[in-house]
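Coordinate-derived values only; no laboratory data. Remember, predicted model here, so these are calculated numbers, not experimental data. Cβ placement follows ideal geometry from the backbone for every residue including glycine, while neighbour counts extend to all protein chains displayed.
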């Protein structure tokens, strides 16, 4: 799946903070003690599992921050399918620097490839239906851009990046406003013509009220399969319907077959297993 690169300033900042956390005040004591200054080495990033690759941009940045003269050749790209033994990249440079960058590079690769691979499993599970798999905002603080890039690499659809992307009226907004219709009316009054208004409902009898008030998308939270089907029939394609809650690999296919447009899955980013990638010496 083609992946849009992240802005350089986001990658540089995150990698700098990660390296500083790992280096502490005295640097990599092990490499400084064991490896002579100026010693050069050649390493390979290798996949040890089957899945979808993501995180190369951050991994390369980690290496170059430690050794700006390192020579890096990427044999694969973000979004590519990988199998055990695949060589992802070859790196030549200062041994001390490369080993100091190793864990941070692998952390980004493992985390992001894990999310991409997990997302692909959900995307494959709903293949042949109209439903798209989307992320949520349940991401690691400070790493949302990376984790959502990984969702994209796995074939997932983009949801809100942050609170300023769109208006999504949740249950607590509805409670404070005094009802679904009142909340949607208030949002439509405030929003500009370019701002999409969505509302979350948890009962089928709220759907008509949401549509009449002008909601363009309706999030169906923890609906039964029967109610999801009823909602799809009721709207007749007039608004975008999103299902959320109770979604896992065992349930997602049945949810998709109800005819909803979007299925949002928090597990893509909060429960994805790490992907096994290693740095091997030549």
TODO: Calculate the length of the line joining the C-alpha centroid of segment 96-172 to that of segment 233-282, in whole Å.
DONE: 11
Open item on the list: I need 8, 165, 78, 86 ordered by Cβ neighbour count within 10 Å, fewest first.
Closed with: 8, 165, 86, 78
Open item on the list: Using Cβ contacts closer than 10 Å as the measure, can you line up 64, 281 from fewest to most?
Closed with: 281, 64
Task: Percent of alpha-carbon pairs separated by more than 36 Å within the chain - done: 29
- [ ] List the relative contact order of the chain as a percent without decimals, with contacts defined as Cα pairs under 8 Å and 6+ residues apart.
- [x] 23
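Between residue 39 and residue 75, what length comes free when the chain is fully extended (0.36 nm per residue of separation minus the Cα-Cα distance, one decimal in nm)?
So the extension gain works out to 10.5 nm.
Considering all projection directions equally, how large on average is the shadow of the alpha-carbon convex hull of segment 186-282, in square nanometres? Numbers along the way, then the final one.
Values: hull surface 38.9 nm².
It is 9.7 nm².
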TODO: Enter the angle in degrees (range 0 to 90, nearest 10) between the Cα long axis of helix 56-66 and the first principal axis of the Cα atoms of the chain, meaning the one along which they spread out most.
DONE: 40
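Could you work out the relative contact order of segment 127-270, using alpha carbon pairs under 8 angstrom and six or more residues apart, expressed as a whole percent? Let's see the in-between values first.
Details: 232 pairs, mean separation 42.2, N = 144.
29 percent.
Can you tell me the relative contact order of segment 50-204? Whole percent, Cα pairs under 8 Å, sequence separation 6 or more.
Numbers: 212 pairs, mean separation 32.8, N = 155.
After rounding, I find 21 percent.
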- [ ] Compute the long axis of helix 8-23 from its Cα atoms, compare it with the longest principal axis of the Cα atoms of the chain, and write down the angle in degrees, 0 to 90, nearest 10.
- [x] 60
Open item on the list: Between residue 90 and residue 253, how high is the FRET efficiency from 1/(1 + (r/R0)^6) when r is the Cβ-Cβ distance and R₀ = 25 Å? Nearest 0.05.
Closed with: 0.05
Task: Cα-only radius of gyration and Dmax that characterise segment 58-115, units Å - done: 11.4, 31
Open item on the list: Need the full-extension length gain, residue 280 to residue 124, defined as separation in residues times 0.36 nm minus the C-alpha distance. One decimal, nm.
Closed with: 53.0 nm
Task: DSSP-defined antiparallel bridges as percent of all bridges, the chain, nearest 5 - done: 50
Open item on the list: Full-extension gain between residue 137 and residue 165, please, as 0.36 nm times their residue separation minus the C-alpha to C-alpha distance.
Closed with: 8.9 nm
Open item on the list: Taking 22 Å as R0, compute the FRET efficiency from the Cβ-Cβ separation of residue 230 and residue 202 and round it to 0.05.
Closed with: 0.95
Open item on the list: Output needed: percent of Cα pairs per 10 Å distance bin for segment 90-189, bins running from 0 to the one holding the longest distance.
Closed with: 13, 29, 25, 21, 7, 4, 1
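Arrange the following residues from fewest to most other Cβ atoms within 10 Å of their Cβ: 269, 139. Please list the in-between numbers first.
Numbers: 269 26, 139 20.
Starting with the residue having the fewest Cβ neighbours, the order is 139, 269.
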Task: Hull shadow area, averaged, segment 127-270 [alpha-carbon convex hull, nm²] - done: 8.7
